[in-house]
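The values are calculated or read from the model by the stated rules, or taken from the named source; none is laboratory data. Quick caveat: nothing in here was measured; it's all calculated off a predicted structure. Methodologically, a virtual Cβ is constructed for each residue, glycine included, from the backbone with ideal geometry; neighbour enumeration extends over all protein chains shown. The protein model used for the area step is the full one, side chains on, heavy atoms only, and it has no ligands, DNA or RNA in it. Shrake-Rupley method; radii C 1.70, N 1.55, O 1.52, S 1.80 Å.
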Amino acid sequence: MAKRITKEFAEVSQEPPEGFTVALPPNDSIHTWHVTLRPSDPSPYSPGIFGLVLTLPSDYPFKAPVVKFVTRIYHPNVTNDSLGNICLGLLKPDAWKPSTKLRAVLEAVRNLLIEPQPDDPLEDRIAEEFRNDRPSFDKNVKFHVEKYARAEPTFPPVVAS
Amino acid sequence: MPADEPTDEPADVNPPLDNQPSSPTPTTAAATSAVLETSSSESSDNGIRLSPAAARRLARQNLRRASPTPDLVTSLVRPSSPDDLYIGTQVAQFRRTVPLEEGGASLQIPQPAGLFIPNVSSERRSGPLLPPHPSSLDIPKRYGGDCIFDMYSLTYVEDPDVNLLCPICHDPLVDPVTTPCDHTFCYRCLRQSIYSSPSGTACPIDRDHLVWPNCFSAARLVRTQLNNLMVKCPYHGRGCKEELRREVVESHATTECRFKDFTCPGADCDKTLRSKPTDDTCPHVEIKCSYCQTGIEAPDRDFHMLSCAMTKTRCEACWRLVRRRQMGSHQESECDGIVIACPYQEFGCPSRSLRGLMSTHTVTCAFHPDTPSGIIIRSQRELIQSYSDLGQQIQQLNTRQDETNRRINEVTASVGRRGGGDPAGGDSRTIQDLDAGFEEVHQNLTHLEARQSMWTMNQVMPIREEVTELRNNINMIRMHVNWLLNRSREEGRIRAANNSGSSTIRREGPGDGSHHMLPERRRSTSQETDLPRL
């Protein structure tokens with residue numbers, strides 16, 4: 001199904017969804033995408049630049065892709081560590097549909113930054129704060145954005161899969 | 001729409017008389033003429049329903065004409081019942097695959113029987129599933145899959161309508177299959193999706209429950225549009241400039257395209273190679289198939305793999321890779337995609353479902369012998385069994401009785417023949433005869449008795465008379481004797497009284513000596529003899 005991935009990459013790189021830029025890692029592995037996200041204004045993460053790594057399993061599109069934040073982010077649905085795992089309903093194994101396009105996945109990630117889902121959190125503490133103490137949450141977000149997400153993201157070297 | 005030549009849907013042949021393509025290839029022309037020969041007037045909408053025999057004949061004709069090109073017109077027949085779903089056959093697949101091999105139709109399996117899956121769920125729409133193109137089966141390279149003409153890697157001349165794209169591979173649909181929830185995918189994509197779906201079987205778009213036998217081939221309109229898409233010859237990289245309709249590109253690429261083969265680099269070898277030779281040595285040497293150990297020519301290895309009994313191919317029912325040799329036993333005993341009957345069928349369960357789903361049915365099957373209903377059913381069945389046993393026994397008895405009756409009749413008939421008529425009459429007559437004889441004997445006996453008694457009487461009477469006479473005589477004599485005795489006693493007394501001595505007696509003595517003694521003696525005897533008379 002490399003053909004589909006090529007096609008989708010061409011589509012996304014030619015007409016990227018708003019706020020995204022997509023590139024392939026230097027070793028030309030089409031199964032790993034380097035995505036840069038610049039959230040637009042309504043998002044509290046607005047001025048930041050976030051790097052994401054999109055890994056496509058070998059039996060994509062029958063298995064869901066894996067999206068991870070490279071840049072640390074203060075978000076209820078993203079683990080606040082160097083792994084940056086995202087909890088995205090779309091990508092759960094029992095909810096993944098092979099017909100879902102990667103563009104839709106990227107847009108879902110962007111929407112997650114605009115509208116966090118505190119009901120399905122990976123970081124309970126942040127979700128709690130998001131629900132109960134919004135100003136404090138916004139402050140922490142700004143702090144993290146200033147601390148981690150101001151420069152162009154550096155992507156880790158691709159591990160041959 | 002310029003041309004509609006459904007060469008891959010022979011059951012739905014419609015006469016393409018008026019819309020024949022301007023430059024038909026030999027294959028399609030042959031197929032068309034065969035179609036015209038066989039069926040001259042049929043509605044193009046519904047498709048004709050050839051009799052299976054006619055369709056088989058048609059397919060065989062086409063195979064012969066089109067050989068060695070891949071035979072697009074297979075022996076597919078639309079199933080007679082709309083409830084029957086046609087899942088492609090190994091046979092059809094062989095027919096399409098094998099002619100690729102050198103020498104054409106080396107392997108023709110005569111029986112055209114398809115695998116008909118009955119209605120599995122009630123809400124499905126019905127329709128046949130056309131046998132897929134061999135490349136739809138996604139046979140791995142190591143089993144020869146890379147020598148199948150790949151319909152999935154074609155290059156299209158222009159971007160096709162987005163509505164004709166498969167949602168999974170984002171390419172124009174190949175062997176489009178529509179799900180019961182009305183989404184259409186490539187055959188291969190849908191099979192892969194079902195096979196790798198973590199939650200069992202779900203539609204790749206709306207995650208509706210999905211069972212493969214409930215899917216069916218997409219509408220003819222869609223297939224026709226797809227067939228008319230223009231593609232580049234797969235050898236455009238080698239220089240072929242052909243652009244053809246997708247429907248005919250396979251026959252072009254496998255037979256006509258002059259870029260398809262490379263000449264063998266061997267000096268005295270005039271054979272051709274499918275791939276570019278890597279060095280200057282002739283690869284046409286005999287090697288052994290690593291699976292079945294038969295000798296084959298090295299360049300034909302991939303073709304051999306597609307028919308070798310030891311290599312694997314897809315089971316069309318469950319999409320697993322199964323050795324060709326074991327396909328029969330696989331489908332018979334383990335394939336989850338085959339419809340089987342409930343194991344409690346013998347208890348009366350009418351349900352049939354896929355083997356993979358049967359376990360969920362058997363848990364709740366009302367005919368399970370351990371459920372209350374099952375126990376009732378079992379006891380009822382035992383009753384029925386005993387009834388039928390009894391019925392059999394009665395039947396046996398009846399036959400035996402018939403036999404007995406028959407024999408009795410035979411015996412009576414023979415008796416009647418012997419007795420000259422009515423056997424019962426004969427009997428009574430005999431008895432009457434006997435009676436009469438007995439009567440006669442009886443009379444005779446009485447008569448004899450009477451005569452005997454008469455005779456006895458006659459004999460006895462004179463004897464009695466004589467006895468009486470004798471008795472009278474005896475009495476007379478006794479009277480005489482008595483008289484004489486009495487006289488003599490009187491005489492004696494007189495003598496004794498008159499006599500004085502014995503001189504007289506002595507005088508008389510010498511003459512009467514003996515006489516003297518006698519009276520005494522006589523007296524004694526008379527006394528004796530008189531006794532009974534006293």
Checklist entry - What number of residues in the range A:70-97 are within 28 Å of residue A:4 (Cα to Cα) and either touching a His at 6+ places or on another chain (Cβ under 8 Å) or within 14 Å of another protein chain (Cβ to nearest Cβ) (or both)? => result 9
Checklist outcome for this item: When every residue in the range A:62-72 that is under 22 Å from residue A:119 (Cα atoms) and surrounded by fewer than 20 Cβ atoms within 10 Å (Cβ to Cβ) is compared, the one nearest to the chain's Cα centre (by Cα) is A:68
Item to check | Residues (within 32 Å of the chain's Cα centre (by Cα) and of a type in the set (A, V, I, L, M)) located in the range B:291-321 | outcome: B:317
Checklist outcome for this item: Per the list (1) under 15 Å from residue A:20 (Cβ atoms); (2) away from every other protein chain (no Cβ under 14 Å); (3) over 12 Å from the mean Cα position of the chain (by Cα); (4) open to solvent by 30 Å² or more (accessible area, probe 1.4 Å), residue check on residue A:156 breaks on (1)
Item to check | In the range B:175-204, the residues that are at the interface with chain A (Cβ under 9 Å from one of its Cβ atoms), over 27 Å from residue B:247 (Cβ atoms) and in contact with a strand residue (DSSP E or B) (Cβ under 9 Å, 6 or more places away or on another chain) | outcome: B:202, B:203
Checklist entry - free of Cβ contacts under 8 Å to residues at least 60 places away in the same chain, open to solvent by 10 Å² or more (accessible area, probe 1.4 Å) and more than 14 Å from chain A (Cβ to nearest Cβ), is that true of residue B:244? => result yes
Checklist entry - Is at least one residue of the range A:134-141 aromatic (Phe, Trp, Tyr) and open to solvent by 70 Å² or more (accessible area, probe 1.4 Å)? => result no
Next on the checklist: Among the residues that make up the range A:121-136, is at least one of them under 28 Å from residue B:202 (Cβ atoms) and not in a helix (DSSP H, G or I)?
Outcome noted: yes
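Okay, residues lined up against (1) crowded, with 17+ Cβ neighbours inside 10 Å; (2) more than 26 Å from residue B:193 (Cβ to Cβ):
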residue	(1), (2)
A:55	no, no
A:60	yes, no
A:74	yes, yes
A:90	yes, no
A:97	yes, no
A:121	yes, yes
Next on the checklist: I'm trying to understand the selection: among the residues of the range B:212-224, which are open to solvent by less than 20 Å² (accessible area, probe 1.4 Å) and either within 12 Å of another protein chain (Cβ to nearest Cβ) or hydrophobic (A, V, I, L, M, F, W, C) (or both)?
Outcome noted: B:212, B:215, B:218
Checklist outcome for this item: The one condition residue A:104 fails out of (1) hydrophobic (A, V, I, L, M, F, W, C); (2) within 14 Å of chain B (Cβ to nearest Cβ); (3) touching a strand residue (DSSP E or B) at 6+ places or on another chain (Cβ under 6 Å) is (3)
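Listed here are the residues, each with its yes/no results for (1) over 26 Å from residue B:171 (Cβ atoms); (2) within 14 Å of chain B (Cβ to nearest Cβ).
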residue	(1), (2)
A:11	no, yes
A:22	no, no
A:41	yes, no
A:45	yes, no
A:50	yes, no
A:58	no, yes
Checklist entry - Among A:45, A:60, which is in a loop (DSSP other than H, G, I, E, B), of a type in the set (Phe, Trp, Tyr) and closer than 21 Å to residue A:15 by Cβ? => result A:60
Checklist outcome for this item: Of the residues in the range B:237-250, those that are assigned to a helix (DSSP H, G or I) and either modelled with pLDDT of 90 or more or closer than 20 Å to residue B:173 by Cβ (or both) number 5
Checklist entry - So which residues in the range A:71-86 are modelled with pLDDT of 85 or more, assigned to a loop (DSSP other than H, G, I, E, B) and within 13 Å of residue A:126 (Cβ to Cβ)? => result A:72, A:73, A:74, A:75, A:76, A:77, A:79
Checklist outcome for this item: When restricted to B:311, B:294, B:278, the only residue among the polar types (S, T, N, Q) and closer than 14 Å to residue B:141 by Cβ is B:311
